[in-house]
Amino acid sequence: MTTVHTRAKRRAVGTTREHLEQELVSNLYYQRGTTTQSASSYDAYYTLALTVRDRLVDRYARTTAAHYAANPRFLYYLSAEYMLGRQLTQNMLSTDTEEPLAAIVSELGLSLDELARYDVEPGLGNGGLGRLAACLLDALATSDIPAVGYGIRYEFGIFKQAFTDGGGQLERPDDWAFYGNPWEFAAPDDRQLVGFYGTTEPVEDDPTGLRRRWIPGEVVRGEPSHMLVPGYGTQTVNIIRLWQARASRQSFNLERFSAGEYVEAVEDIVRSENISKVLYPDDSTEPGRELRLKQQYFLVSCSLRDIIRRYHLRNSRWDGLADKVVIQLNDTHPVMAVAELMRLLVDEHGVAWEQAWSITRRTFAYTCHTLMPEALETWPTDLVQRLLPRHMEIIYAINHFFLDEVRHRYPGDTEKVRRLSIVQEEPVRSVRMAHLATVGSFAVNGVAELHSRLLADTTLTDFAQLWPDRFHNVTNGVSPRRFLRLANPRLSALITAELGDDRWLTDLERLEGLTAVTEHPALLDRWRSVKRRNKAALAVYAAQATGVVLDPDAMCDVMIKRFHAYKRQLLKILHVVTLFNRIHADPDADRVPRSFVVAGKAAPGYHAMKRLMRLVNAVAATVNADPVVSRHLRVVFLPDYNVTRAELIVPAADLSEQISLAGTEASGTGNMKLALNGALTIGTLDGANIEIRDRVGADNFFLFGLDAGEAAAVRAEGCSPRRHYENDEELRAAVDAIAGGVFSHGDRAEFADIVHVMLTYDEYLALADYRSYVDCQDAVDAAWCDTERWTRMSVVNTARCGFFSADRTVRDYRERIWRVDPVPVSPQD
Ligand SMILES: *Cc1c(COP(=O)(O)O)cnc(C)c1O
C-alpha cells in the first residue's frame, strides 16, 4: 500500500518538462486510449487536463490528511449556484505548469490557447450570486480554510444565449458535460437517499409529540461528484461537491417494458432525474414551482447528510456539532436546511427538540442578497405540505416557539407578531424563507455597507430590532487570481514588474504601491498600451462573434451584467440614442469616439427585458450601419455572457457602467472586477459603488443620480416620467426616436410597449436620472480628452481597490461570523 502510494506520488509530483511530457504521453495512452499518431486535438486537450489534474490530486490527498489529523471546524457553503469559469487555466496557474506545458504543446504544433477553448465553463449559475460563491471558494482554499462547497450538478447549466433575426434572446440548452468533464470525480459511495411527498405519523415513545416519523411517497438517489478547488500559493485543495439526482433502482419498470410500454416503463426514472436537469426551472407553472422546491430540498438533504457523515468520521457527540460545523446559506434557496437539520436530529437521531434547536441555531449563518421585498422567496404552505409534509410540521413548530418569544418580548403587539411570523397569511398562506433563515441562524449578513444598513432598516427591520447583534455586513469581493492574473496577464505582468514581486496576488492591498506609477509618464504609457492591446484582443473577438468592428483607440464603454429593470440597461440605451441624435444634428463636431459593449442574459420568462434586448440590438444595427454615426460610435451586444466572456471584456474596459437605481443593487461584483482592471466607474450611490468611490476618491469616479433616500422619496410620492419627458428636450428626442421607428425601419409598433411602460410607470426612475446621467457622461468625455489624466485615474482605480479581494471578504466572514482557522497543508516531502 505504502509503496503504491509513494509510487503514485512520485509519478504525479513532477512539474519539470520531462515529467510532464512523460505523463502526457502516458495519460494519452492509458486514459484516453489513443496514441500520438491518432489523437485529435480534443484528445490533446483532455490529456492536458488530466495531467494538470493529477498534480492537484496529490495536494488534495495531503489536504484531506491534514484535515483529518487536525479535526478542525469546517465551513460548509450551500449554494444553488456556482459560476466556476474554466478550470484548465486556473489549475495550470495554481500548479505552476503553464510555462512547461505551453512549450510542450507548441512543439507538437498546437497552442495552449486553442486547447483551452475546449475547456467548457460549467454554467451552474445565473450571475453575481453564483460567481461570488466561486470567488469565495477560491479565496477559502487560498487562505487554507477547511471548506466544502455544496451545489447541484445541473445536467443543463444556464442556457446559451443567441439572438433571433429580430434581435431577441434565443435560449439554447447547455449540455456542458456531454463530452465528459475531466475535472470531476464521481463518488458513488457517498450517495444519499432523499424522500419527497408521503405522510407522517406519531412515534410511540415520544410524549412531547415533537418527534414524528415521515413515510415518503417517493425516494430519489443523490449521487455526488466533486471538483477540486486549489488555493493559490498554497498546498490546500478543497472540493466542491455537486449532487445529481438518479432514480432509485426500483424505478425501472421491467414488467411494463416487457409489455412494450417503453415510455411508461421509464416514467419514474424521468421524474426523479428531472430534479437536477436544469438550473431554476421556469416557475410560471405549478409543476415548475414544485420542481424548484424539490431541487432546493434535494440539495439541502444530500448536503446535510454528507456534512453529518463527515462530522462522524472524527466526532461522536451531537452537542459538538456546532463547534465543528458552520454552514453558510447563500441566499434563501438552501434555507430548507434549517428544517431538515431539525428533522435529521430529532426524528432520525433522537436528539431532544430543545437541544436540536440549540445546535441548529448555532450552526447556520445566512447571507441575504436582495432588498426588494418581491424578490424574497416564499413557498405556499399547500405545496410545502404536499412535497415535504414533515418539514411543514417542523416549520410550524419552530414558528410557534419563535412567536411565543416575540409575544413575550412585545406583549399585545399582534402587528409585530404578524410581521415577524415565518408564515404569512396574505395573499396566500406561505412560508417566508428569509424569516426561516433569520430565525434559524446565528448570523445574517448583507453584502455591501449600504445593503446591510438598508436590510436592517427596511427589509428585515423587525428582526434587526429583535436581535441587533445577529446582523453584520460583509462586503463582497472578487478573486484576484481569476479577474486579474488569469483575465489580464498583461496588466498582471506590469503590476508585478512595478511592485517587484507578485505577492499582490494573495495580498491585494499591495496594489497601493502602484500609485507611484502615476508620477512616471513612461509607466503611464505602458499602462495605456496594455489597455490598448486588451481592447485590440476584444475587437478581434467581437468582429468574429458579431461582425462589428471596434476601434481599439475609442473609449471602451462596457455594461456587462444580467438584464434586469433595476440595473437600468434602458438608461444606457437612452444615452446611446442621445449620442446618435447629437451626431446627426451636428455631424462635423469633434467627438470622443466610443465603443459601447453590452453583454448579459435575461431570465427566459422576463419578457420586458427580452423586448429591451431587441431594442439594444436594433440600436446597435442602426448605429453601426450609419455612415456618419459609426465614425464616432459603435455598439456591440456580445452574446452569451459568462465568466469566460467576462475575462475577455473586463481587461479591455475604459468605462464601467454601474447605473442601477440607488437602493436596488445589493453589492455588485462586476463593478469591482472592472475597477481593479483600471476602468473608471460611472455609477450611482448604490451597492458597493459607494465603497469603491470612498476608496478611489470622488475625483476618480463619475457619480450621478438620486441617492437611495431620494429615490425612495420620489417613488413614494409617485414618479412622473412624463414630466421629465416633457421638460427635457434631449430626452424627448431620444424617446421619440425609439417610438417613431428610427431603429425599427419606421415600424412604430415594434417598441411601443417599451415606450409606454417607460412613460407611464418607469419603476426604476430611468427618466428621473436621465439628465444627471447624460451630463455626467459629458464629463466622462471631457476627462477622456486629457489622456494623461485619464490614465492616472485608471491607475488609481487599480491601486486603491485591493480591498475588494475575495481574500478580504473571507477574512471578514471568518472574524465576524465563521470563526474558522486555517489548517496549513505541508508541501510534498
Ligand atoms: C461578475 C459577474 C456577474 C455579476 O455582475 P454584476 O455587474 O455585479 O451584476 C455576473 N455574471 C458573470 C459571468 C460575472 O462574472
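Miscellaneous remarks
- Test: residue in segment 223-233 that is buried (at least 18 other Cβ atoms within 10 Å of the Cβ) and among the aromatic types (Phe, Trp, Tyr): yes
- Selection over segment 66-88 of residues that are more than 19 Å from the chain's Cα centre (by Cα) and either within 16 Å of the ligand (Cβ to nearest atom) or without any contact (Cβ under 8 Å) to a residue 24 or more places away in the chain (or both) gives a count of 1.
- All of (1) under 18 Å from VAL598 (Cβ atoms); (2) among the aliphatic types (A, V, I, L, M); (3) under 25 Å from the mean Cα position of the chain (by Cα) hold for VAL549 with one exception: (3).
- Positions within segment 172-184 being of a type outside the set (Gly, Ala, Ser) and surrounded by 15 or more Cβ atoms within 10 Å (Cβ to Cβ), in sequence order: ASP174, TRP176, ASN181, PRO182, TRP183, GLU184
- Among the residues making up segment 150-187, those that are more than 21 Å from ALA621 (Cα to Cα) and among the aliphatic types (A, V, I, L, M) are ILE152, ILE158, ALA177, ALA186, ALA187.
- Any hit, segment 128-147, residues being at pLDDT below 95, more than 16 Å from the ligand (Cβ to nearest atom) and of a type in the set (Asp, Glu): no
- Enumeration of residues in segment 285-320 that are within 21 Å of ILE395 (Cβ to Cβ) and among the hydrophobic types (A, V, I, L, M, F, W, C): LEU291, LEU293, PHE298, LEU299, VAL300, CYS302, LEU304, ILE307, ILE308
- Any chance LEU511 is more than 16 Å from the ligand (Cβ to nearest atom), modelled with pLDDT of 95 or more, surrounded by 23 or more Cβ atoms within 10 Å (Cβ to Cβ) and within 27 Å of the chain's Cα centre (by Cα): yes
- Qualifying residue in segment 796-809 (condition: surrounded by fewer than 16 Cβ atoms within 10 Å (Cβ to Cβ) and either farther than 30 Å from GLY231 by Cα or modelled with pLDDT of 95 or more (or both)): no
- The set of residues in segment 425-474 that are touching a Lys or Arg at 6+ places or on another chain (Cβ under 9 Å) and part of a loop (DSSP other than H, G, I, E, B) comprises GLU425, GLY440, SER441, PHE442, VAL474.
- Helices (runs of 4 or more DSSP H) wholly inside segment 589-705 containing at least 1 residues that are among the charged types (D, E, K, R), within 12 Å of the ligand (Cβ to nearest atom) and modelled with pLDDT under 95: none
- Qualifying positions in segment 388-434 - among the hydrophobic types (A, V, I, L, M, F, W, C) and over 25 Å from ALA365 (Cα atoms): VAL428
- Residue match in segment 467-481 (condition: of a type in the set (A, V, I, L, M) and surrounded by fewer than 21 Cβ atoms within 10 Å (Cβ to Cβ)): no
- Boolean, ASP778 is over 27 Å from the mean Cα position of the chain (by Cα), under 27 Å from ALA708 (Cβ atoms) and free of Cβ contacts under 8 Å to residues at least 24 places away in the same chain: yes
- Any chance ASP586 is surrounded by fewer than 21 Cβ atoms within 10 Å (Cβ to Cβ), within 16 Å of the ligand (Cβ to nearest atom) and not hydrophobic (A, V, I, L, M, F, W, C): no
The values are calculated or read from the model by the stated rules, or taken from the named source; none is laboratory data. The structure displayed is predicted, hence computed values, not measured ones. A quick note on method: Cβ atoms are made from the backbone with ideal geometry, for glycine too, and the neighbour counts reach across all protein chains shown.
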